[in-house]
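Q: After the structure tokens below, expect a handful of questions from me.
The values are calculated or read from the model by the stated rules, or taken from the named source; none is laboratory data. Keep in mind that this is a model prediction, so the values were computed, not measured. Cβ coordinates were reconstructed from backbone atoms using ideal geometry, including for glycine residues, and neighbour counts include every protein chain displayed. To get the accessible areas, we keep the full protein, side chains included, count just its heavy atoms, and leave off ligands, DNA and RNA. Shrake-Rupley method; radii C 1.70, N 1.55, O 1.52, S 1.80 Å.
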Amino acid sequence: MTIALDLLAPYDFAFFQRGMVAATLAGALCGVLGVFVVLRGMSYIGHGLSHAVFGGAAASAVMSINFFVGAGIWGIISGVLIGRIARRKIIGADAAIGIVTTASFAGGIALLNRYGQARKSIEAVLFGSVLGVSWVDIAAILAVSLAVGAIVLFAYRAFLFATFDPQVATVSGERVAAIEVMLMVMLSVTILVTMRVIGTLLISALLVIPAATARMITNSFSRMLMLSPLIGALCCLAGMNLSYHLDTSAGATIILVAAAVFTATYLLAGRRARLRVASLNHL
Amino acid sequence: MGVTINSEPLIRCDALGVAYGAGFVLENVTLHIRRGEFVGIVGPSGSGKTSLLRAITGSLAAARGSVEVTRGTRIGYVPQVESVDWNFPITVGEVLAMTRTRRHWPRTTRSERAEMKEVLEGLGLHGLEGRHIRELSGGQQQRVFVARAMFGKPDILILDEPTSGVDVRTRHEILHLLRDLHSKGSTILLTTHDLNGLASHLPRLVCLNREVIADGPPRETLIPEVLERTYGAPLHVLEHGGMPIVLDHDYTSSEVLRDTERQMRSERESRQ
Ligand SMILES: Nc1ncnc2c1ncn2[C@@H]1O[C@H](COP(=O)(O)OP(=O)(O)O)[C@@H](O)[C@H]1O
Ligand SMILES: [Mg+2]
């Protein structure tokens, strides 16, 4: 009885409730996009993009532009550009992406050091902060989740075709380039709205781990697309609760839970399932 | 077998030139393909076969001349097996359904499932809808992609090297399947470097090496003069049961074969 009460204790706090809702939604959202990130071998891009968005966030904070407007514009532009560069498979493209996004990240840190209010805000964006989650953040995550869900459902077949077989999809008249831009925009916006909950440094993990875990469990694309957001949401739910009781950072705890789920699945799954993950590019 | 070859070409390449950057890989290619035809493009690796297909499908622009595909022509493209990501989480049913992008919902409709079943049955893939593509035999794997192309009800089926990287049995299976589809009315264009296993069984061959060296039935195109210009090395041709058999370089030193070939050539000339 007391244990049950103890487990429910954090829910007495409004900030925890908000953080809980935001994190669970963020987990599901990253789970959906993670499927494309993992299957297209884009985890490196997700990583770079979150760093680029951080630069935009810092710049807009310093110039007192609204976070969503400033970082959003910056994020979408860099997302589309990174997608372009990566698509053309130029030698050294990965290095170029790495340099530009890391520079954006470093610039953001420098800006906050010089003009920012405190170290606290840097920490909040790097590692996320449950305390800082507002209803505006939740509304933003919800809006993006609904939009991404609707787009992925509505254009499911085209997305699948363009991801699995871009060459033949092009021949068949699919607008593969438009679909890729769409993916990069969704990815940028997702990073933007989830950044304040999960934190810049940990977003790319949430984009990769649930999807990779789902990949081990199933061999079907549609099932992977259902499982991955489910795993993402559950990991966030569990991670949030654990972080309260262990008094650890929410973002870090969520990732540790996700990593534990991945490891458990890896150990329990057969050799074949492990090979499926081994075959993913750039994991 | 009741196949009508319509006089209006579906695809016409006229004096087509294709280049990557400054270097031309195809020059002055004129090739017309009509409805109901079954055409094989042969040539050594690097001769521009894939580039020609890419020009026809519109993924590569013509640098000179023109490529015209009759308006509204649906192309069913079957990629090389080597270019498929076999580790992608996807089932046979999902491979077929993804081409129907007009429908904006993941789930297949009842009529789509019925159609899918018909296509799969026609290709001997009955009951494999739920299988992962990796869990199929080599021949089944190739056929899944033929099935995907057929599911789009194409006007022309285009296959790039359908028998490369497959074993002898699968090669037979594929040849058999394509002949069957052709006899049922499909228009087929393929590339191959497999002269004896595939090309010599087709009604029309286009020998390609930067340009069209010859165009016609195997009896006219699989002859030493054409093959030497296509492959840049002397190749010997035997005849077996009315069908040309090309001997590759390993045999060219054999005096016996050379004599046999000479004998055959004089026979052919005396027949003409
Ligand atoms: N993307 C490319 N960029 C530059 N050159 C290419 C490209 N693709 C093919 N080539 C060149 O074009 C020539 C024809 O290639 P290809 O059409 O693939 O021949 P095939 O299919 O007959 O083997 C080759 O010399 C090849 O090196
Ligand atoms: Mg080729």
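Q: First compute the accessible area of chain B with a 1.4 Å probe, then give the percent of it belonging to carbon and sulfur atoms. Provide the component values of the computation, followed by the final result.
A: Working: 6280 of 13090 Å².
C and S fraction of accessible area: 48 percent.
Q: Would you pull out the residues with amide H under 5 Å of A:Val130's amide H, same chain only if 5 or more places away, H placed 1.01 Å from N?
A: Excluding prolines and chain starts, which carry no amide H, the hits are A:Ala250.
Q: Taking the inverse of the average 1/r across all pairs of different Cα atoms in the stretch A:20-276, what Kirkwood radius in Å do you get? Before the final figure, lay out each step's value.
A: On the way: mean 1/r = 0.0543 Å⁻¹.
Computed over Cα pairs of the stretch A:20-276, the Kirkwood hydrodynamic radius comes out at 18.4 Å.
Q: Roughly how much accessible area, to the nearest 100 Å², goes out of reach of solvent when B and A pair up, both sides summed, probe 1.4 Å? Before the final figure, lay out each step's value.
A: On the way: alone 14250 and 14080 Å², together 25910 Å².
Buried area between the two chains comes out at roughly 2400 Å².
Q: In terms of modelled amide H atoms, which long-range or inter-chain residues lie less than 5 Å from the amide H of B:Val39?
A: B:Ile188, B:Leu189, B:Leu190
Q: Ignoring everything except DSSP H segments at least 4 long, calculate the 222 nm mean residue ellipticity for chain B; use -39,500 (n - 2.57) per segment, divide by total residues, nearest 500. Walk me through the intermediate numbers first.
A: Numbers: 8 runs with 87 residues, N = 272.
Only helices count here, giving -9500 deg cm²/dmol.
Q: Now for a different question. Hey, what's the stretch A:20-276 come to in accessible area per residue, 1.4 Å probe, Å²? Don't jump to the answer; show the numbers that get you there.
A: Working: 10920 Å² over 257 residues.
The answer is 43 Å² per residue.
Q: Could I get the Rg over Rh figure for the stretch A:218-283? Both from C-alpha atoms, Rh via Kirkwood, rounded to two places. Provide the component values of the computation, followed by the final result.
A: Working: Rg = 13.6 Å, Rh = 13.1 Å.
Reported Rg/Rh (Cα atoms, Kirkwood Rh): 1.04.
Q: Next question. Of B:Ser83, B:Ser59, B:Ser186, which is the most mobile in a GNM of chain B whose springs link Cα atoms less than 10 angstrom apart?
A: Greatest mean-square fluctuation among the candidates belongs to B:Ser83.
Q: Follow-up. Between the chain alone and the structure with every protein chain in place, find the residues of the stretch A:36-72 that drop at least 10 Å² of accessible area; heavy atoms, 1.4 Å probe.
A: With the partner chains in place, the stretch A:36-72 has these residues losing at least 10 Å²: A:Leu39.
Q: Separate question: Can you tell me, using C-alpha contacts under 8 Å and at least 6 residues apart, the relative contact order of chain B as a whole percent? Walk me through the numbers on the way to the answer.
A: Working: 484 pairs, mean separation 58.3, N = 272.
After rounding, I find 21 percent.
Q: For chain A, what does the relative contact order come out to in percent, with C-alpha contacts under 8 Å and a separation of six or more? Don't skip to the answer; put the middle values down first.
A: Values: 411 pairs, mean separation 93.2, N = 283.
Relative contact order for chain A comes out at 33 percent.
Q: Have a look at the stretch A:206-243 and report residues whose accessible surface goes down by 50 Å² or more when the remaining protein chains are included, against the chain on its own, probe 1.4 Å, ligands and DNA/RNA excluded.
A: A:Asn219
Q: Springs between alpha-carbon atoms under 10 Å, Gaussian network over chain B: tell me which of B:Ser200, B:Ser137, B:Ser66 tops the mean-square fluctuations.
A: B:Ser137
Q: Enter the accessible area per residue of chain B (Å², integer; probe 1.4 Å; all protein chains in place). Walk me through the intermediate numbers first.
A: On the way: 13090 Å² over 272 residues.
Counting only protein heavy atoms, the per-residue value for chain B is 48 Å².
Q: If I compute solvent accessible area with a 1.4 Å probe over the protein chains, what percent of it on the stretch A:20-276 is carbon and sulfur?
A: Values: 7700 of 10920 Å².
Here carbon and sulfur together make up 70 percent of the probe-accessible area.
Q: With heavy atoms of protein chains only and a 1.4 Å probe, what residues of the stretch A:155-174 have at least 20 Å² less accessible area in the full set of chains than alone?
A: Checking the loss per residue gives A:Tyr156, A:Arg157, A:Leu160, A:Phe161, A:Phe164, A:Asp165, A:Gln167, A:Val168, A:Val171, A:Glu174.
Q: Amide H to amide H under 5 Å from B:His236: which residues, 5+ apart in sequence or cross-chain, H placed 1.01 Å off N in plane?
A: B:Leu247
Q: On to the next question. May I ask you to list the trypsin sites (Lys or Arg not before Pro) in the stretch B:104-197 that are in a DSSP loop and have at most 14 other Cβ atoms within 10 Å of their Cβ? Numbers along the way, then the final one.
A: On the way: sites: B:Arg107, B:Arg110, B:Arg113, B:Lys117, B:Arg131, B:Arg134, B:Arg143, B:Arg148, B:Arg169, B:Arg171, B:Arg179, B:Lys184; in loops: B:Arg107, B:Arg131, B:Lys184.
Filter output for the stretch B:104-197: B:Arg107, B:Lys184.
Q: Could you work out [θ]222 nm for chain A from helices alone, using -39500 (n - 2.57) per DSSP H run of at least four and dividing by all its residues? Round to the nearest 500 deg cm²/dmol. Provide the component values of the computation, followed by the final result.
A: Details: 14 runs with 235 residues, N = 283.
One gets -28000 deg cm²/dmol as the mean residue ellipticity at 222 nm.
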